[in-house]
There are 2 protein chains.
Amino acid sequence: MLQAMETLRYQPNLIARSLVTNSTKTIALISGTLKNGFFVETTDSIINLATKHGYKTMVYFEGEAKLKDIVNTVMGNKVDGILMSSILLDDPLFHEIEQSGIPYMFFNRRPRNGGNYVVLDNTRAGEMITKHLLDLGHERIAYITGEPTISTFLERETGFKKAMEEAGIEIDPQLVFVTNTTSAEVEKITWRLMNLDEPPTAIICATDTMALACMDTIMSMGLSIPDDVSLVGIDDIKISSHRAIQLTSIGHHKFKMGEIAAENLIEMIQQGERPKQLRQIVLQPELIVRKTTARRK
Amino acid sequence: MLQAMETLRYQPNLIARSLVTNSTKTIALISGTLKNGFFVETTDSIINLATKHGYKTMVYFEGEAKLKDIVNTVMGNKVDGILMSSILLDDPLFHEIEQSGIPYMFFNRRPRNGGNYVVLDNTRAGEMITKHLLDLGHERIAYITGEPTISTFLERETGFKKAMEEAGIEIDPQLVFVTNTTSAEVEKITWRLMNLDEPPTAIICATDTMALACMDTIMSMGLSIPDDVSLVGIDDIKISSHRAIQLTSIGHHKFKMGEIAAENLIEMIQQGERPKQLRQIVLQPELIVRKTTARRK
DNA sequence: CTGAAAGCGCTAACAT
DNA sequence: ATGTTAGCGCTTTCAG
């Protein structure tokens, strides 16, 4: 009988099994775009970890479809858990997800109140990276960020403002820009910034990926980093440590955020109970000084 | 009634629907690792295109589980189609996939005979990139590649050998290395290469990602590119064009391989018939000369 | 301990 | 047009 199954190459229909067991062995990953290297790293570690534990991963990237539709599909598909970076500070989706009873973990971004999540201590990251520049004598510091409806951006900027205020330095509103985080927009802003009568002596980009676009533009203009302007990012993605890039950045190091998110989710799934308490994990940032920052001339 | 459904937030159970319709609106993506920037770009475009067409994407990366197990799960899950880069030249999985009757497309890599695929003309790419170096006067050219059981690597190397032979230059076997494509191994090889009594004047890496690791190592050794050694890759991934990298490379440009693969697969799914003919698409490579190659001193 | 039957939540075919 | 029913391929329960 068992041999018969092998010779006939019997494959159980997992759809039918799911219908009765009410478990799909599938987790949904709703992630920011792979154009951002940070999400490349989380996606990679999440899928690998899920696979290792016998879970399939359904992947969605924000942008192509409406998030609400994605979440609905995900729920209709009876996934065992949800891993999601794409949540706003005040997002009606948060309550839908909570009420669904499906185990979930947010990562990188979080809702304003409550929820399970793993994030970087973004306020502290913003503060520390700014202090580094301040310590180097910079005062005219530009700040390029994304929408403040997203916790990551709001908190990093809060840290920036805090450090500036503590140093007693007024922020020039001409030097702070909210963008959609695309390279195209960062390039435009950088160009404008460096063409100012009085350009900044240092630039903070809210993510390493944005800093990379910024660097590209600065170099295209024939300017040099850090001689003409210092540049920093946040996240410390892989490519930032490349010898040809050497971007000063700040990130979490001992553990991978994607793995933490996936491990916690799988734990929640396997315990199977309604959560006794929220899982709110905040990773401490570590400054990595490389070659894109120098003392102000 | 319709309103009732809305107020009660009725979500149809897509699992149950799939069981009866025998269609899951899901495609499986079995991809090479995201550590390779090439697969970042294909994964991104594939998922986005699938989502746009109303398909969900189940993603697996090779390495974490045995490929055979992944393919079995995928089939048990009754996906509507399979997109796969992870196929060897002579791979028993190829026949299993063919016999399953599930529409599929291979991309980047292909089986030796038959199958639906979209690939770069890798032989030509290997040939062209080698000719570029030859034209610059290089003769002592190193070649770092991956396993030749994979079409991409076999064909690129074939192109390299062809160009060398046509130029009447003997390949020094001391200068060609097969690696597992990881940065760690490429670094080790590069170090050995540049410490040779007579180091190469140029290095070809079979992928841009490997070239990036190679560049990193060369720079760490205090050597300069292209003054001490010229360096090229193949794929022309995004980061290669960055002002701080400027890697000379070769790739396809007018279209994205991931999109072509996904579009063709979705077409096959929607036509619903047994394929009248194979889809074998080969993209023509285009050489992009940047700053990592120079005339031999 | 083995085998038959019920039922998961839908769709499609059929009858009203 | 509307409502009823069979059945998709499994797991689980219940009888034998």
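The values are calculated or read from the model by the stated rules, or taken from the named source; none is laboratory data. Remember, it's a predicted structure, so these values are computed and weren't measured experimentally. As a convention, Cβ positions derive from the backbone with ideal geometry for all residues, glycine included, and neighbour counts pool all protein chains shown. Areas reflect the complete protein model, heavy atoms only, side chains present, ligands, DNA and RNA absent. Shrake-Rupley method; radii C 1.70, N 1.55, O 1.52, S 1.80 Å.
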So, in region B:75-96, how many residues would count as being within 25 Å of B:Val20 (Cα to Cα) and under 20 Å from the mean Cα position of the chain (by Cα)?
3
Output the number of residues of region B:79-92 satisfying the condition of being over 12 Å from B:Ser151 (Cα atoms) and either open to solvent by less than 20 Å² (accessible area, probe 1.4 Å) or acidic (Asp, Glu) (or both).
6
Which residues, counting only those in region B:227-271, are part of a helix (DSSP H, G or I) and touching a helix residue (DSSP H, G or I) at 6+ places or on another chain (Cβ under 7 Å)?
B:Lys238, B:Ile239, B:Ser240, B:Met257, B:Gly258, B:Glu259, B:Ala261, B:Ala262, B:Glu263
Go over the candidates A:Arg17, A:Arg9 one by one and state the one that is at positive phi and more than 7 Å from every other protein chain (Cβ to nearest Cβ).
A:Arg9
Yes or no: region A:93-110 includes at least one residue that is open to solvent by 30 Å² or more (accessible area, probe 1.4 Å), within 16 Å of DNA strand D (Cβ to nearest atom) and at pLDDT below 95.
no
Taking region B:191-202, which residues are open to solvent by less than 30 Å² (accessible area, probe 1.4 Å) and more than 23 Å from B:Asp121 (Cα to Cα)?
B:Leu193, B:Met194, B:Pro200
Checking the structure you have, find out if any residue of region B:203-213 is within 14 Å of chain A (Cβ to nearest Cβ), crowded, with 17+ Cβ neighbours inside 10 Å and β-branched (Val, Ile, Thr).
yes
In region A:167-186, how many residues are closer than 16 Å to A:Glu147 by Cβ, open to solvent by 50 Å² or more (accessible area, probe 1.4 Å) and assigned to a loop (DSSP other than H, G, I, E, B)?
3
Of the residues in region B:40-66 that are farther than 24 Å from B:Asp235 by Cα and modelled with pLDDT under 95, the one that is least open to solvent (accessible area, probe 1.4 Å) is B:Ala65
State all residues of region A:11-31 that are open to solvent by 20 Å² or more (accessible area, probe 1.4 Å), among the hydrophobic types (A, V, I, L, M, F, W, C) and more than 6 Å from DNA strand D (Cβ to nearest atom); if no residue qualifies, say none.
A:Leu14
Subset of region A:251-297 that is open to solvent by 90 Å² or more (accessible area, probe 1.4 Å) and within 16 Å of the chain's Cα centre (by Cα) - its residue that is modelled with the highest pLDDT
A:Gln284
